[in-house]
């Protein structure tokens, strides 16, 4: 286990050096693909900008989140939102699929969902044992099978097809929650507070609220909010706010034809030069360079 005095490791995929995920990044592998390399154990770590959803079809194990251990047994569904510190211990021989999505990819999927319940399905980490005979379990299995097939086939429209299957999986999960009640695992006060903070950041990030105002709206002190943010995600509250601004800026640069000033104004920056500095300091290149690079990647690689 990682002690409180040690920095929490950050990874791209587990065991790989940290990197900045592409907005459209999605990855699928089986549980044994990576776990056989690590003796079926994943030490506590976090991913910047990547969320995991696992469908366990054989075996079981333990998920560690927020200093709590949650047991699971196949069939089971597990979710770990981006930046949440987590670890795993799988029983040897455990099988299933691991779906990893960038915040940009997942945000686009969630934005296309008209219903609130599926959009909230992955707001909190959880480990939920499934009823093997439930129709929703069959729906989840079918969605994960289709996602894996699309991921490995490299057909035209792959990202769109995967996004559609992720939507179906979220609908199935929200129906499970509605029918069985939300899982108790993952409901610690700190995790719930972080989920409320993220929802509030999503609603207010364009208004550039200071941390104190978020804390007041959530009914806690700024110190308490920052402590929870750092303990659960390894980032300060301000860093979480800035990360949300950066995500929206990157999406606008890639998916719209808006000019730099228009994007900056839409994100609450009254001074285009300040928006450019804010972006460049965090991305390592200007908004214009970021847009050019992604357009060149799109022409070279297609969908």
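The values are calculated or read from the model by the stated rules, or taken from the named source; none is laboratory data. Keep in mind that what you see is a predicted model, and the values were worked out from it rather than measured. With ideal geometry, Cβ positions are generated from the backbone for all residues, glycine too; neighbour counts draw on all protein chains shown.
Things to note:
- Members of the range 189-236 found to be farther than 22 Å from residue 48 by Cα and either touching a strand residue (DSSP E or B) at 6+ places or on another chain (Cβ under 9 Å) or modelled with pLDDT under 95 (or both), listed by number: 189
- Residue match in the range 115-136 (condition: modelled with pLDDT under 85, out of contact with any helix residue (DSSP H, G or I) (no Cβ under 9 Å at 6 or more places or on another chain) and crowded, with 19+ Cβ neighbours inside 10 Å): no
- Residue in the range 127-148 that is in contact (Cβ under 8 Å) with a residue 12 or more places away in the chain and within 30 Å of residue 236 (Cβ to Cβ) present: yes
- Qualifying residue in the range 34-48 (condition: touching a helix residue (DSSP H, G or I) at 6+ places or on another chain (Cβ under 6 Å) and crowded, with 18+ Cβ neighbours inside 10 Å): no
- Residue pairs whose Cβ atoms lie under 9 Å apart, sitting 6 or more positions apart in sequence or on different chains, and linking a residue in the range 26-48 that is in contact (Cβ under 8 Å) with a residue 60 or more places away in the chain to a partner that is part of a helix (DSSP H, G or I) and loosely packed, with under 15 Cβ neighbours inside 10 Å, are 28/152.
- Count of residues meeting criterion [part of a helix (DSSP H, G or I) and more than 22 Å from residue 25 (Cα to Cα)] in the range 126-140: 5
- Just one of the listed residues (269, 290) is surrounded by 14 or more Cβ atoms within 10 Å (Cβ to Cβ) and either outside any loop (DSSP other than H, G, I, E, B) or at positive phi (or both), and it is 290.
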